[in-house]
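The values are calculated or read from the model by the stated rules, or taken from the named source; none is laboratory data. What you see is a predicted model, and the numbers here were worked out from it, not measured in a lab. Cβ sites come from the backbone with ideal geometry, for glycine too, and all protein chains shown count toward neighbours.
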Amino acid sequence: MIHLSAAQMAAKLATGETTSVALTQAHLDRINSVDSGVHAFLYVDTDGALAQAAAVDAKREQGQDLSPLAGIPLALKDVMTQKGIPTTAGSKILEGWRPPYDSTVVSKLKANDIVILGKTNMDEFAMGSSTENSAYGPTHNPWDLTRIPGGSGGGSSAALAAFEAPLAIGTDTGGSIRQPAAVTGTVGVKPTYGGVSRFGLIAFSSSLDQAGPCARTVLDAALLHEAIAGHDPKDSTSINAPVPQVVAAAKSGDVKGMKIGVVKELNGDGYQSGVRTRFEESLELLAAAGAEIVEVSAPNFEYALAAYYLIAPSECSSNLARFDAMRYGLRVGDVDGASAESVMNLTREVGFGREVKRRIILGTYALSSGYYDAYYGSAQKVRTLITQDFNNAFEKCDVMVSPTCPTTAFKIGEKSNDPIAMYLNDIATIPVNMAGIGGMSLPAGLAPEDGLPVGFQIMSPAMQDQRMYLVGAALEAALLSKWGAPLLSKAPELAGK
Amino acid sequence: MALTYEDVVAKYEPVLGLEVHVELNTHSKMFCGCSTIFGAEPNTQTCPVCLALPGALPTVNEKAIESTIKIGLALNCSIAPFSRFARKNYFYPDMPKNFQISQYDEPICVNGYVDVEIETDEGPMSFRIEIERVHMEEDTGKSLHVGGATGRIHGAEYSLLDYNRAGIPLVEIVTKIVPGTGKYAPEVAKAYVAELRDILRSLGVSDVKMEQGSLRCDANVSLRLIGIETLGTRSETKNVNSLRSVERAIRGEMIRHAELLNKGERVVQETRHFQEESGLTRSGRSKEQAEDYRYFPEPDLVPVAPDAAWIETLRAGLPERPSVHRKRLQEAWAVPDKEMAAMINADVLNIVEATVNLGADPTKARSWWLGEISRIANDKEVTIANLNITPVDVAEIVALVSAGELTDKLARQVVEGVIAGEGKPSEVIAARGIKVVNDDGALMAAIEKVCTEQPETAEKIRNGHLPAAGALIGAVMKETKGQADAARVRELLLGHLGQSSN
Amino acid sequence: MSSLSRDDVANLARLARIEMSEEELVSLSNEFTVILDAVARVQEVAGADVEPTSHPLPLRNVFRPDVVIPSLSPQEALSGAPAQEDARFRVPQILGEEA
């Protein structure tokens, strides 16, 4: 049962073939069995999940109208607040904190009767591409437990790939939904900025952060997308417009006559050969499905990474100032005679990991007087140029595509001492965040040289999220008929307890 | 030998700069829906946003924007067609996010002015104070320092934080530098703050209670030798909490600066704190290194771009200017200039107006507030606003006096009772058993009793020695516990002893 | 070439309220030489004629009405407090400006 898609599970719930309690229990059992090896979860809310499942079953029994995903279990990235449930953002500084409020995403999940299994592991404050920066130890890629599951949302992607949950919530600041999806053979979508409320999302970089759905199929992602999207008065940057019809698009998958723009600059040198092979093959399948493949150019994308590593650290240096040991979270050094200032300094030294400190210091520098124009100010200008590149390209095509990341999953520890090499992982995903548009990654197959999943990225203009679902569904269908079974069926069996 | 103020202004010209922070009187906070009621139990008006819990986001209070635009218009400012919030980053435990949402290079109102008038020996003089900017920001929480001697920060063992005030909308009004006020600098500054307060009050955007901190003034002062163009080094005196203190703080700083300069010493550019008791300022802890606030546009909020129609609607709704309003009152009440100035100086104009609006005679209302009530406030060393008596009480008392139900003397007892917290005038009258004895029968009984007790005095009066009546009238008043109308007693007494009262 | 000295890093750490060991100051200063070289590339294309984008959405004037909504209870507000006293957050002595 746990190997089904969420849509299939929902169908079985609707016919009464199974119950949410049974489904939830099956996933809890799976977590219990395999998560010691995968370490996707930081907290499993067994009682809460079963109680929520029982409540949905009762509603169903009474014949109440239920949402399409009612009763389906989900894994929540630990960056979203959930009332009363430990929420750490992967950091020591928040160890043991239980929020007194629900994030808007959690409120919507609850309103849709989606069962929250627990909180998934992540790079501390979503800063990283491997989940190695979690204060609670790395998550392992179910395809190869010695490899990274991507990051920052490696817990969510690994939970999906390990069949610990059929749905998950991720957040994407520079690729944290799409890159983990790519390296675990799952689907991840970063909606248009403002499409999903950020209220209750522990901020990394406010102008880039966007929550979105993670799943094993394009349709499942679309169902979850519609469940969590929509205007929220608690988030001033939330879009006040109807949610794009992504479920209809995922069900249609009709790409006849669509123009698909291949980004010249996001391919070639630096991209692993198996990644390029699968990408080219996917383009052929889309062409066969009736789409027109065109080449587009985005000359300023090469500056996106540099701009990102100024904007995100600058905003995070300010966003993370609130972790100061005064009102919540860790407090270190509160001895007789200590000052508030020394307690703040010591707590932040102990409570933050190395990458977080590195970025806070970098951001503090980029915003400091005398350097603002050269760094933060220039990065904001690059942002304008990247947006112009997208606008120009979207005049020639309906969606843009590229490999999601340059390589397949690397080994745990391989890049942890080389920040620049680590940052290069996000080279193809970052432009989307800079412009605030939509991006999706879906599996394109396995790289012949290492047998690891490759991700295919689709980018759609702001507020046109349905376009990436159309293309994603078309490619997914073509690949499925080629493979005969979902890609994840090729993943190695995980040793159970 | 200490310098006198006259020595200072003979040699130096003061240059002022005033920053006034105003708490707006919105129902909810600047960036969240928590209540703003003053004096609530600690941490009962807080939420994830104003406590800066992880994940919380700010949302802008529309009324606060509207109030700020109104303030800008009333101060003759231009309203920016595009303005933004910015984060001002610095760590302080009373500021939950460790940044303040403020405005930096894109404030909402710029380039205005206020004209103020002061009374001088040379007659009334007018000064134009130019406004640099009016911008929006949020207030901090309140710290209570525990341990140590005085409850002050220095020597405290730890602090307790209440975030009810955190996030209350603040508007900061910043003047350009103000030269040319010479020896009148302290009075001009006071008049400016008073004028600002009256304007804000007339707009209805703030409680403008300096003693509760809803209007706070930071005063920048520097001196330069008369005739010299270059500005001197300034000091900034923080949190000057009454109009009188504005004047005292500036005068004190001028003398302090002049003493330093005369000795050939340097004025240190620093923050100073005004000491209400001594009238002097004390140096704040000097920072080892300059702060770097790392301002950048607040990414959680979108720009404010008021359209012309909105601005014009707000402009059309502006009330009468306080200066115009004052002139109108002066005419309506037929008050001489000197009396008007006295009311303004004692800061009772509004309260007198409120009393008159409740039906009291302007002269009577003025005389109560400026006389008896001001005297009590002086004795208690508090402001009139802090006394427990309202225009409603005074209007009631004035009415009772006109109706003959209270004498002036009894009315003073009622005023005392109200201020002492004994209740409304009617309650004080009932509780203290105050009433005018105008029952002639009761008075006659008292008069007969007194005449029997003091037959010799009574005899003198019968014989036409009228000055002796005073003693008997006093005795009657005592007999009636002061509740008789003395004039009536005299009339009856003289009649009883066969004399005419005329 | 951009670089940050050990003392520059120490000053930034002070602004950011992070205690740092000597080892950390030195190694961060070394890393920043590399990182700053990489990020300084933004200056190559950021001409004076390019408008900065601080936000991906062209939204304006997003306000909420001035309406009071229920606050947290003081128990909830203080639920995460490392220390509390009399319904207030208890914090170590504050050195600095008197507010």
Considering only the range A:20-44, state which residues are acidic (Asp, Glu) and in contact with a helix residue (DSSP H, G or I) (Cβ under 9 Å, 6 or more places away or on another chain).
A:Asp35
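Which one of B:Ala430, B:Ala399, B:Ala395, B:Ala360 is aliphatic (A, V, I, L, M), closer than 30 Å to B:Leu203 by Cβ and either assigned to a helix (DSSP H, G or I) or in the same structural domain as B:Leu75 (by TED's automatic domain parsing) (or both)?
None of the others qualify; the one that does is B:Ala395.
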Tell me which strands (runs of 3 or more DSSP E) are completely within the range A:395-480 and hold 2 or more residues being over 17 Å from the mean Cα position of the chain (by Cα) and in contact (Cβ under 8 Å) with a residue 24 or more places away in the chain, or say none if there are none.
A:399-403, A:438-446
Residue in the range B:87-105 that is without any contact (Cβ under 8 Å) to a residue 40 or more places away in the chain, touching a Ser or Thr at 6+ places or on another chain (Cβ under 9 Å) and in a loop (DSSP other than H, G, I, E, B) present:
yes
The condition from (1) in a loop (DSSP other than H, G, I, E, B); (2) at the interface with chain A (Cβ under 10 Å from one of its Cβ atoms) that C:Ala38 misses is numbered (1)
Do we have any residue at all in the range C:41-57 that's closer than 22 Å to A:Ile360 by Cα, facing chain A (nearest Cβ under 7 Å) and not in a loop (DSSP other than H, G, I, E, B)?
yes
Which one is farthest from the other protein chains (Cβ to nearest Cβ), of the residues in the range A:420-466 that are at negative phi and surrounded by fewer than 19 Cβ atoms within 10 Å (Cβ to Cβ)?
A:Pro448
Of the criteria (1) facing another protein chain (nearest Cβ under 7 Å); (2) under 21 Å from the mean Cα position of the chain (by Cα); (3) on the phi < 0 side of the Ramachandran plot, which one C:Arg17 fails:
(3)
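Consider the range B:278-334. How many of its residues are of a type in the set (Val, Ile, Thr), buried (at least 18 other Cβ atoms within 10 Å of the Cβ) and at pLDDT below 90? Break it down stepwise before answering.
Of all residues in the range B:278-334, those of a type in the set (Val, Ile, Thr) come to B:281, B:302, B:304, B:311, B:313, B:324.
Narrowing further to those that are buried (at least 18 other Cβ atoms within 10 Å of the Cβ): B:281, B:302, B:304.
Adding the requirement that they be at pLDDT below 90 leaves B:281.
Looking only at that region, the number is 1.
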C:Leu25 versus (1) facing another protein chain (nearest Cβ under 7 Å); (2) buried (at least 16 other Cβ atoms within 10 Å of the Cβ); (3) modelled with pLDDT of 95 or more: which is the lone unmet condition?
(1)
For B:Cys47, which of the numbered conditions (1) within 19 Å of B:Glu137 (Cα to Cα); (2) not in a loop (DSSP other than H, G, I, E, B) fails to hold?
(2)
Checked against (1) in contact (Cβ under 8 Å) with a residue 12 or more places away in the chain; (2) farther than 27 Å from B:Ser28 by Cβ; (3) away from every other protein chain (no Cβ under 14 Å), B:His135 satisfies every condition except (2)
Which pairs do you get when a residue that is at negative phi, found in the range B:1-29, comes within reach of a residue that is part of a strand (DSSP E or B) and acidic (Asp, Glu), reach meaning Cβ atoms under 6 angstrom, with the pair 6+ apart or on two chains?
B:Glu19/B:Asp218; B:His21/B:Glu172
Could you please let me know if B:Gly433 is in contact with a helix residue (DSSP H, G or I) (Cβ under 8 Å, 6 or more places away or on another chain) and at positive phi?
no
May I ask you to list pairs of residues, at least six apart or on different chains, whose Cβ atoms are under 6 Å apart, with the first in the range B:35-63 being within 7 Å of chain C (Cβ to nearest Cβ) and the second being of a type in the set (Val, Ile, Thr)?
B:Ser35/C:Val68; B:Asn61/B:Thr26; B:Lys63/B:Thr26
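At least 2 residues that are surrounded by 21 or more Cβ atoms within 10 Å (Cβ to Cβ) in each: list the strands (runs of 3 or more DSSP E) lying fully within the range A:186-301 that qualify.
On the way: elements: A:187-190, A:210-215, A:259-263, A:292-296.
Answer list for the range A:186-301: A:187-190, A:210-215, A:259-263.
Could we say that C:Ser71 is over 23 Å from A:Ala307 (Cβ atoms), of a type in the set (Ser, Thr, Tyr) and in a helix (DSSP H, G or I) here? Full working, then the answer.
On the way: over 23 Å from A:Ala307 (Cβ atoms): yes; of a type in the set (Ser, Thr, Tyr): yes; in a helix (DSSP H, G or I): no.
Taking the combined requirement at face value, the residue does not satisfy it.
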Kindly check whether there is at least one residue in the range A:340-353 that is under 23 Å from the mean Cα position of the chain (by Cα) and on the phi < 0 side of the Ramachandran plot.
yes
Only one of B:Leu160, B:Leu200, B:Leu196 is within 14 Å of chain C (Cβ to nearest Cβ) and modelled with pLDDT of 95 or more; which?
B:Leu160
